[in-house]
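> Sharing a structure below in C-alpha cells format, with a few things to ask.
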Amino acid sequence: MSRVIGLYHSGPSGYVPLSIDGLVKRYPGSSRNAVDGLSLEVSVGEIFGLLGPNGAGKTTTISVAVTRTRPTAGTVRLAGTDVAAQAARARRRLGVVTQANTLDRSLSVWENLYFHCRYFGLSRREARRHSDELLERFGLAERRDERVDRLSGGLAQRAQLARALAHKPSVLFLDEPTASLDPQSRLALWDHVRGLRERDGVAVLLTTHSMEEADRLCDRVAIMDHGRVLACDTPGALKRNLTATTTVRLRLQAPPPPALLDQVRALRGVERVVNDGNRIEVVTAARDGLVPHLVSAVGAGLLDLSVSEPTLESVFISLTGRKLRD
Amino acid sequence: MTELSNRSEPWRLTPAAFAALIARDLRVLLHMPASFLLRTVLNPLMFVFVFTYLYPHIGAGRFGEVAGQNLGTVVLPGLVASAIFFQGLNAVALPLSMEFGATREIEDRVMAPVAYGLTALAKVCFSALQSLLAAAIVFPLVYLVPAVPVRIQVSSWPTLVLAAVLASLLAGFLGLLLGTVVEVRKIALVFAVTIVPITFLGCVYYPWASLHSVRWLQILVLANPLVYVSEALRAALTPALPHMNPIASLSALTALTLVLGWAATKTFTHRVLT
C-alpha cells in the first residue's frame, strides 16, 4: 500500500494542524468557565495528551474542537479552518474516537467504513476499495460482514479508529480511547496510534485518565484543571522539573538508631524519612547522588534497597491535589 | 490509497454526503424489507379484512356507510393517509430516539461534513420516500380486499400528488421532532398515547364533515394533522364523499409542514450542538 499523501505534507511551512487560542467556554446557567482561556498547539505527527481530573475541561475542549460545542470566546483552528465559523468544513479535517462504541449498529463493520467514506464525498467505487484497505490495515478483514454490536471492545475501538481515519483527517481526537479495554487490546491500540504518526502524519489529541498511557504514548502532555493548563511539556521534562518525588526504600538487619535517621534526614535533597521497624522510606525531589550517600550512612546493616522513579501520576497529584472530583 | 484532499471541498461535498446519508438509510431498509412491509401492511389489511370483507359476509354490510358510500370507499383515503403518516414515526422517531440514546450511533452521520440541518433533512426525505412507498402498497390492498366494490375517482391529480408529498414530509418532520425531543425510555409510551388517538380521531374512518353533529369534536380534531391528510386525499380520491375544501386542507398541510420542519430542525440542531 502506498503512503498516504495528505494536506499536511504539501502545506506551507509553519502549518499547524490544531491550534487552540484563548478558548473559553461557559455553559448557560453555570457560574464558572468550563474552559478558561486555554491555548495550545499540536504539530504534525505529534501525539498530545490532555490530562486532568473529571470536570477539568478536557471533554469540553474536545467538544468545541470537533464542532459540537460553541465556544464562548477564543478560537480553535483545524488546519487553518475556524471550527466555529466553518463547522462543516472543519469536520473534513478531523476524526474522532470516543470511549463509547458509536459504530452504526444497523450496519456491518465494512458498511460502517463504506458509508463513512461516502459521507465524505468518495464515489461508490473509491469507498469500496478504501474500506477494504482499512479492514486489512486494522486487522478487521475477517469481521467484514459482522454486526458491530458483536465486536469485542478492542475490535470495536479498532473499527472506530479505522472509521475516524477513513477520510484522512489532519487531526485525530481520541477521547479516553482505551478506558474500557483489556491490557492486550490497549497495547494493540497504542501500536496503531503510534503507527499513525509515521504513516499518516496525523496530529493526535488524546485525553486519558491513564498516566501510563500518557507517559508511554504522548510526545507532550498538558495537565489541566479548572479549565486551565497547569503544566505542559514532554512527560520526561514534567517528571524532572516539577515537584515529582523519588522514593528510596531501604531494608536493614535491625531497626535503625535515631541518630542514623537524623543523619539520613540531613542528607541533601531528602524531604521526608519514614521509619517502620527495620525499614526506612526516603522521599526526595533530587535523587542524583543520594543513593551512595544513603548506602554509606547505613553501612553494613543494609539488606536491600529499591528506588521508585517519579511517575506522571505523582506530578499530576502534586498539581491537581488529592481532593475527589464529581 | 485514494487521494481525498483536493476533491472534497464543501460545495461539491454537500450533495454527495446528502445522497450518502439517504443511501445509508436505504441500505438499512433493505437489510430488513420484511419489517417495513409488515408494519406498513398489517394494520390496514386487518381493518379492511374485518370491516369491509368479513362484515358484509356476516350480515353487517351497511356498517360505516356515509352519504350512501360503503365503508371501503370511506376508509380508503383515510387508511392511505395513516399509512403515510405513521411511516414518519416508524422511520424517523423510533430509530432516531434510539440512536441519540445509549448507543449514540447517530454520531458518525452528525459528523458528516455538511450542515446539521441537512443531516436531519436527509433523514426526513428518506422517510418521505418510505411514506410514498407505503401509500403505493396500501392503496391496492384497501381497494381490492373489500367485498363490496370501492368507488374511487381521481378528481384532481395535482391535489393527490401534493397531498401525498406534503403529508410524507409532514410525517417525517413530526418523526424528527419526536425523535429528538423524546428520550428513548419514554418513546414507547409516547407512541402508545399518540398513535391511537391520532388515528381514531384523524378522520380516517369517517369524513370530517360527518362530525357536524358532534360539533365540539369537529373543532377539536382540527388540531390533529392527520385530519388534513385524510381530507385532502378524500377530496382527491373519493370526491363523492363530503370532504374539506382541498385548498383549506392543503394550506393547513403546507403550514404544518413548514412549522414542524422549522421546529424539528431546531430541536435536532439543539441536540447535536451545545
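The values are calculated or read from the model by the stated rules, or taken from the named source; none is laboratory data. On a predicted model such as this, the values are computed, not experimentally measured, just so you know. These accessible areas exclude ligands, DNA and RNA; they are computed on the full protein's heavy atoms, side chains included. Shrake-Rupley method; radii C 1.70, N 1.55, O 1.52, S 1.80 Å.
> Once Rh for region A:216-326 is found with the Kirkwood sum over Cα pairs, what is the Stokes-Einstein diffusion coefficient at 20 °C and 1.002 mPa s, in µm²/s?
On the way: Rh = 15.6 Å.
So the translational diffusion coefficient is about 137 µm²/s.
> At q = 0.18, 0.21 Å⁻¹, what log₁₀ I(q)/I(0) does region A:62-140 have when each alpha carbon counts as one equal point scatterer in the Debye sum?
-0.86, -1.01
> Alpha carbon centre of region A:78-105 versus region A:25-67: separation in Å?
Answer, in whole Å: 15.
> Now a separate question. Would you mind checking the radius of gyration and Dmax of chain A based on alpha-carbon positions, in Å?
Over chain A's Cα set, Rg and Dmax evaluate to 24.2, 81 Å.
> Let me check something: with ligands and nucleic acids excluded, how do B:208, A:110 order by accessible area (1.4 Å probe), largest to smallest?
B:208, A:110
> Right, something else. Can you list the lysines whose alpha carbon is less than 26 Å from that of residue B:266, not counting same-chain residues fewer than 8 positions off?
A:25, B:123, B:186
> What's the angle, to the nearest 10 degrees (0 to 90), between helix A:153-165's Cα axis and the longest principal axis of chain A?
60
> Amide H to amide H, which residues 5 or more places from residue A:271 or on other chains are under 5 Å from it, using H placed in the peptide plane?
Here A:283, A:284, A:285 satisfy the definition.
> Roughly how much of residue A:27 is accessible, in Å² to the nearest 10, using a 1.4 Å probe?
Counting only protein heavy atoms, residue A:27 exposes about 80 Å² to solvent.
> What angle, in degrees between 0 and 90 and rounded to the nearest 10, separates the Cα long axis of helix A:183-200 from the longest principal axis of the Cα atoms of chain A?
Tilt of helix A:183-200: around 60 degrees.
> Would you calculate a helix-derived [θ] at 222 nm for chain A, using -39,500 (n - 2.57) for each DSSP H run of n ≥ 4 and dividing by the full residue count, to the nearest 500? Please list the in-between numbers first.
On the way: 12 runs with 114 residues, N = 326.
Computed ellipticity for chain A at 222 nm equals -10000 deg cm²/dmol.
> Ignoring ligands and nucleic acids, what accessible area does residue B:106 show with a 1.4 Å probe (Å², nearest 10)?
Per-residue accessible area (residue B:106): approximately 10 Å².
> Determine ³J(HN,Hα), in whole Hz, for all residues of region A:34-48 in sequence, where each value follows from phi through the Karplus function 6.51 cos²θ - 1.76 cosθ + 1.60 and θ = phi - 60°; x replaces Gly and Pro.
Rounded to whole hertz, the list is 5, 10, 10, x, 8, 10, 6, 10, 10, 9, 4, x, 8, 9, 10.
> So how much accessible surface do B and A hide from each other in total, probe 1.4 Å, in square angstrom to the nearest 100?
That pair hides around 3800 Å² of surface in total.
> Going from most exposed to least, what order do A:212, A:133 have by accessible area with a 1.4 Å probe? Walk me through the numbers before you get to the answer.
On the way: A:212 90, A:133 35 Å².
Sorted by accessible area, descending: A:212, A:133.
> Starting from the coordinates of the alpha-carbon atoms of the protein assembly as shown, obtain the Kirkwood hydrodynamic radius over all distinct pairs and give the value in Å to one decimal.
The answer is 28.2 Å.
> What is the diffusion coefficient of region A:245-309 in µm²/s, taking the Kirkwood radius over Cα pairs and the Stokes-Einstein relation at 20 °C with a viscosity of 1.002 mPa s? Kindly include the intermediate steps, with their values, before the conclusion.
On the way: Rh = 11.5 Å.
Result for D is 187 µm²/s.
> Follow-up. On a 0 to 90 degree scale, rounded to 10, what angle separates helix B:184-200 from the longest Cα axis of chain B?
The angle comes out at about 30 degrees.
> Follow-up question, since we're still on this one. Please list, ordered by chain and number, the residues whose modelled amide H lies under 5 Å from the amide H of residue B:69; skip anything fewer than 5 residues away on the same chain.
Sorted by chain and number, the residues that satisfy this come to none at all.
> Considering the Cα positions of region A:271-324, please state its Rg to one decimal place and its Dmax as a whole number of Å.
13.9, 44
> Which of the lysines could a cross-linker span from residue A:168 if the Cα-Cα distance has to be under 22 Å and same-chain partners fewer than 8 positions apart are dropped?
Cross-link targets: none qualify.
> Order A:19, B:35, most accessible first, counting only protein heavy atoms with a 1.4 angstrom probe.
Listed by decreasing accessible area, they come as B:35, A:19.
> If you plug each phi of region A:271-280 into the Karplus form 6.51 cos²θ - 1.76 cosθ + 1.60 with θ = phi - 60°, what whole-Hz ³J(HN,Hα) values come out, in order, with x for Gly and Pro?
9, 8, 10, 10, 10, 9, x, 9, 10, 10
> Separation of region B:199-274 and region A:204-252 by C-alpha centroid, Å?
So the separation of the two Cα centres works out to 63 Å.
> Rounded to two decimals, what ratio of Rg to Rh does chain B give with C-alpha atoms and a Kirkwood Rh? If you can, show how the numbers build up before the last one.
Details: Rg = 20.1 Å, Rh = 19.6 Å.
Rounded to two decimals, Rg over Rh is 1.02.
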